[in-house]
Structure formats: structure tokens, C-alpha cells
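The values are calculated or read from the model by the stated rules, or taken from the named source; none is laboratory data. Quantities reported herein were computed from a predicted structural model and do not represent experimental measurements. With ideal geometry, Cβ positions are generated from the backbone for all residues, glycine too; neighbour counts draw on all protein chains shown. Note: areas computed on protein heavy atoms with side chains; ligands, DNA, RNA excluded. Shrake-Rupley method; radii C 1.70, N 1.55, O 1.52, S 1.80 Å.
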Amino acid sequence: MSINHYSNTLGVALLILSALFSSTEAVAQDSTRYQIQTRDGNTYFGHIVQKEIEYILFQTDNIGQITIKFDDINVIRRLGKVTSDERYGGSGDSYRESNTRYRGSNARYHPPNVYLFRSSGFGVKKGEAYYRNAWLILNELNIGFTDHFSLGLGMMPFIGNSLPVWITPKLTLPILKDKVNLGIGALNGVVLGESQSSFGMVYGDLSVGGPSAHISLGAGKGYAEEELTPELLVTFSGAIRISKNITLVSENYTLPDLYLYSLICHQNLSGVNLQYGLLLSDTNSGSLALPWIGVVAPIKTKF
């Protein structure tokens with residue numbers, strides 16, 4: 001594979017990721033005083049310095065500035081006047097009630113740690129599971145057995161007389177919690193039918209950022225019939241949650257004589273995530289743009 005191939009792919013991938021991360025919105029400081037009670041029983045008085053997608057910076061009266069995740073807020077009370085910027089994220093999580101119990105499935109909504117064809121370096125946590133479908137034919141079930149190990153099972157029916165099936169074990173290792181994660185995984189598959197054949201890949205990826213805003217760099221090797229391919233597979237991916245219910249995702253690959261780019265929107269609809277966007281492939285024979293449509297549905301487990 002030529003240097004130009006890698007440089008061109010890196011340029012396009014970085015352009016997509018830059019556009020993706022430029023979608024974040026600035027939020028003005030709120031001078032209104034609040035009382036916040038967290039789920040561990042602590043109570044804080046002060047004002048909000050900054051609101052982000054997953055947390056707030058809170059200037060307390062007695063211990064200085066602290067970071068509080070929205071997941072950890074149980075009750076929030078407005079004590080002072082309401083400013084024009086009283087709504088978190090511009091939609092949905094309102095502070096207008098003087099004594100609001102912070103319930104909101106939306107407040108605790110976590111975008112799925114999955115791109116198009118694989119999960120991010122954050123993986124699937126213990127007790128979490130999801131089913132995803134794309135184009136009606138790509139089916140996969142992913143289950144988190146521990147906070148660091150998950151397993152996926154997938155298949156693609158309706159492919160002529162053949163049935164591709166696969167498993168995707170993945171190990172995730174936090175280097176810096178919610179900041180830098182290393183993922184090591186594999187895809188092991190077989191095509192069932194008149195003539196069986198095996199396929200798959202082994203890969204690793206490094207995700208920098210948090211689960212709701214990060215970029216990932218990965219590399220791997222594919223194989224067919226138990227023989228590794230000589231070319232190195234390089235991936236550039238990322239995700240950014242731009243509102244309480246919408247996450248933008250990009251997954252990009254370099255393969256021999258093939259570039260694969262994507263920009264996909266994950267939209268939370270009452271717990272089920274609708275995926276829609278564009279998948280672009282570029283080969284020596286020309287370019288092809290395909291619409292991407294799919295769903296990601298969480299499943300309750302007893303693990």
C-alpha cells in the first residue's frame with residue numbers, strides 16, 4: 001500500500017473527525033444559585049460555572065469548584081433567579097422546577113459504545129447488552145460479561161445460499177479512566193453453505209476522551225482460511241454527543257485499494273437508537289455513496 005494511500009485516507013478521516021468535533025456547543029455561565037443533592041447523600045450550594053454534555057462545573061460556597069456528573073445528581077433546587085440560559089444543552093433537561101428530582105432517562109442516557117462495524121475502546125460494560133441491525137441483513141448481539149470483557153454474536157442471512165456468522169470477543173483496558181482506553185479484539189467468522197470458508201481479523205484500538213466524546217486510532221490484520229493478509233488495516237474513528245439524545249459517529253478504514261468513510265447520526269428514541277447517515281467507499285474503479293440505516297436496541301441482562 002502506498003504512502004499516498006495512507007496520507008489521503010488520514011486527511012479525509014481527520015477532516016470528518018474535525019467536522020464531527022466542531023459540532024460541540026458552547027454554553028454560557030449560569031449565575032443562578034442552586035442546591036444540588038447527589039445520589040451518595042452529599043448536598044452542595046452554589047452556582048453553575050459551566051454545563052457540558054455529561055457533567056457540570058459547580059462553584060460551591062465552601063469547598064471551591066467541583067465537577068458533578070448528571071448521572072450522580074438526585075435532586076436539584078433553584079434558589080435564585082432564573083437566567084435566560086436555564087436549559088441544559090438547549091433542549092430537554094430543564095431546571096425551572098424549584099425542587100426537581102433528577103430522574104430522566106435522558107439524564108442517564110449513554111450513547112452506545114459502538115460505531116458501525118465494531119465497538120469503541122470503551123467496550124460494553126457488565127450487565128449491558130444491545131442488539132443492532134443495519135440494512136435489515138446485518139444482525140449482531142453484544143453482551144458485557146465484565147466491565148472489561150464483552151462478546152458479540154452476529155450473522156447476515158439472505159446472502160444467497162450462504163450464511164456468514166461470526167463472534168467478536170473484545171477486551172478493554174482503561175489506561176486513564178474515562179480518558180484513555182485500550183481495546184483488543186477479534187472477529188472470527190465462517191461462511192456456512194455449499195462451500196464453507198473462514199474469515200476474520202484481529203485488531204487493537206486506542207480511544208482518547210470520554211465515552212461520549214472521543215477519537216480512536218486502530219490497526220489490525222485480516223485473515224482468510226487461517227492465513228493472515230499481508231496488508232495492515234488502519235482505522236480512524238470518533239464519536240461526539242452533541243445533544244442529550246444525539247451522538248455523531250465516524251468510522252473510517254484503509255484497506256488495499258479501498259478507502260471506507262462514514263458519518264453517522266445515533267438518535268435516541270425512547271431508549272432505542274436509530275442510526276442514519278452516509279457510507280462512502282472509494283476504490284480504483286470509482287466511488288460509491290451508500291445510505292446507512294440501522295437500529296441499536298439495549299437489552300436487559302442478568303449477568
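Taking Phe45, Phe70, Phe158, Phe199 and ordering them by how much accessible surface each has at a 1.4 Å probe, largest first, produces Phe158, Phe45, Phe199, Phe70. Using R0 = 25 Å, the C-beta based FRET efficiency linking Lys300 and Lys69 works out to 0.65. Taking all protein chains together, Arg77, Arg33 sort by accessible area into Arg33, Arg77, largest first [probe 1.4 Å]. How about the stretch 163-261: which trypsin sites (Lys or Arg not before Pro) there lie in a loop by DSSP and see at most 15 other Cβ atoms within 10 Å? Of the trypsin sites (Lys or Arg not before Pro), the ones in loops of the stretch 163-261 whose Cβ has at most 15 other Cβ atoms within 10 Å are Lys177, Lys179. Ranking of His266, His47, His148 by solvent-accessible surface, largest first: His148, His47, His266 (1.4 Å probe, protein heavy atoms only, all chains present).
Placing a label point 7 Å from the Cα of Ala219 along the Cα-to-Cβ direction, the residues of the stretch 243-258 with a backbone N closer than 15 Å are 254-255.
All alpha carbon pair distances within the stretch 146-279 were sorted into 10 Å bins beginning at 0; the resulting P(r) in whole percents reads 11, 30, 41, 15, 2. Accessible surface of Ile240, taken over heavy atoms with a 1.4 Å probe and every protein chain present, rounds to 10 Å². Please give, to one decimal in nm, the separation of the simple spin-label points placed at Leu290 and Met155, each 7 Å out from Cα toward the Cβ. If labels sit at Leu290 and Met155, their model points lie 2.1 nm apart. Taken along the Cα-to-beta-carbon direction at a fixed 7 Å, the label points for Val180 and Leu192 span 4.3 nm.
With each label modelled as a point 7 angstrom along the Cα→C-beta vector, the Glu227-Asp61 pair spans 7.5 nm.
The mean sequence distance of close C-alpha pairs (under 8 Å, at least 6 residues apart), as a share of the length of the stretch 130-178, puts its relative contact order at 27 percent.
Averaging Cα coordinates gives a centre for the stretch 114-179 and one for the stretch 227-292; these two points are 15 Å apart.
Sequence-distant contacts, meaning Cα pairs under 8 Å at least 6 residues apart, place the relative contact order of the stretch 138-209 at 23 percent.
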